[in-house]
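Bear in mind that the values in this text are calculations on the coordinates, not laboratory data. Just so we're clear, the structure is a prediction, and the values are computed from it rather than from any experiment. Neighbour counts run over all protein chains shown; Cβ positions are idealised from the backbone, glycine included.
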Amino acid sequence: MRIDVLTLFPDMFREVLATSMPGRAASSGAVEYHLHDLRNWTTDRHRTVDDRPFGGGPGMVMMCEPLWEAVNAVEASETSPARRVLLTPQGEPLTQARVEELAAEPRLLLVAGHYEGIDERVIEELDPLEISIGDYVVSGGELPAMVLIDALVRLLPGVLGHADSAAEDSFSTRDESGRPLLDCPHFTRPRTWHDREVPDVLLGGDHGAIADWRREQSVERTRRRRPDLLDPSPRPLDVERSMSRQPDGGTAARGEHSGDGPGDSDS
Ligand SMILES: C[S@@+](CC[C@H](N)C(=O)[O-])C[C@H]1O[C@@H](n2cnc3c(N)ncnc32)[C@H](O)[C@@H]1O
C-alpha cells in the first residue's frame, strides 16, 4: 500500500511513521509513506496557503489553488490511482469497518486541513471521502491522519506479530449477527496483585472454556459500555447516507472519489 499525505506540517509525521506499527509496516515493505508539504505548490515568495474568510470572522481559510495543484501533481506522479481522503470534524465518524475497507486500497491520498478549514469549493472539486476521528475539534488534520494511518497499517499482512491479534481487537471481533464487540479483559503475571486474583478459568488450561469465557466477557462488556454497538441508531450506513451535502449551502451532491491520475512527488 502507498499513502500520500498532503500537509502544512510534514515534520509532525516523521517520528510517528518511523515508530511502532507504522514504522514496522514501512520497514517490512507493507506500506510506503510519501509526505508532501502543501507550501511546495504556492507561487508567492511567502509561500502563502491561507487567506481571510469572505464574510469576515476569526481565523484563516486554506486557499483552493495550492491544494488543487498539490493533489493533481501528487496523483500524476505515479500510475496507481489514489483514493482521496480529507480529515475533517464534519466527516463520517471513523469506524473499524471503514478502516478495514481503506486498508484494502492500493493507494490513499490523505489531506490534512488547518486553520478554520479549507475553502469549500476545492473540497467539492476534489470530492474526497471525508473522515472524522470523533466529535471534537483538534488544531489540524495531521493527528487525525496519523490516527487513520496507524489504524490502517496494523491491519496490513505481516505487520502485527501475532496473526490473530487484530481480529480479536475491539470492533473487529463480532457477534453472530456481525455486530462489533469490545475486546475481553486481559491479565498477566502476577496471579495476585493488590489482593485481586486472575479469573480461575484463565489458569485451568481448558482452551474451550477460556474461549467461551472471553466471548461472554466481550458480549457483556459491550452491553454495559457500548450498547449503541449492539443497537446502533442511526446505523453507520444511515450516517453515511446523511453525509451527502445536497441541502446546505448550495453544494452539489458528491460521492466518494477514486482518483485515476498517475503520480507521486515527494518532499
Ligand atoms: C481547527 S480545525 C477546523 C474546524 C472547522 N472550523 C469546523 O469547525 O468544522 C482544522 C483542521 O483540523 C482537522 N480536524 C479537526 N478536528 C478533526 C476531527 N475531529 N477529525 C478529523 N479532522 C479534524 C481538519 O483537517 C480541519 O480542517
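For this structure, a couple of remarks:
- GNM flexibility winner over the chain from Gly91, Gly59, Gly134 (Cα, springs under 10 Å): Gly59
- Shown is the FRET efficiency for Ala211 and Arg191, computed with R0 = 22 Å from the Cβ-Cβ distance and rounded to the nearest 0.05: 0.60.
- Cα-based shape type of the chain, given that a ≥ b ≥ c are square roots of the gyration tensor eigenvalues and the cut on a/c is 1.5: prolate
- Net +/- balance of residues flanking Trp68 in space, Cβ distance below 10 Å, scoring K and R +1, D and E -1: -3
- 3J(HN,Hα) from dihedral phi, segment 69-75, Karplus parametrisation 6.51/-1.76/1.60, rounded to Hz, x for glycine, proline: 5, 5, 4, 5, 5, 5, 5
- Relative contact order computed over the chain (Cα-Cα under 8 Å; 6+ residues apart), in percent: 26
- The chain - mean residue ellipticity at 222 nm from DSSP helices (-39,500 (n - 2.57) per run, n ≥ 4, rounded to 500): -9000 deg cm²/dmol
- In segment 85-209, taking the dipole from charged Cβ atoms about the Cα centre, the farthest positive-side position among Leu182, Gln96, Gly205 is held by Gly205.
- For Arg84, distant residues with modelled amide H under 5 Å away: Leu109, Leu129, His257, Gly259
- Taking θ as phi - 60° and the Karplus parameters 6.51, -1.76 and 1.60, the scalar couplings of segment 105-121 work out to 6, x, 8, 10, 10, 9, 10, 9, x, 8, 6, 6, x, 10, 3, 4, 5 Hz in sequence order, x denoting glycine and proline.
- Under a model in which nothing but the beta-carbon of Lys, Arg (+1) and Asp, Glu (-1) is charged, segment 135-239 shows a dipole of about 120 debye around its Cα centre.
- Amide H contacts of His34 (H built 1.01 Å from N, under 5 Å, at least 5 apart or other chain): Ile3, Asp4, Val5
- Taking θ as phi - 60° and the Karplus parameters 6.51, -1.76 and 1.60, the scalar couplings of segment 41-58 work out to 10, 9, 10, 9, 6, 8, 6, 7, 10, 9, 8, 6, x, 4, x, x, x, x Hz in sequence order, x denoting glycine and proline.
- In plain terms, the residue of Phe187, Phe13, Phe54 with the fewest other Cβ atoms within 10 Å comes first and the most crowded comes last, giving Phe54, Phe187, Phe13.
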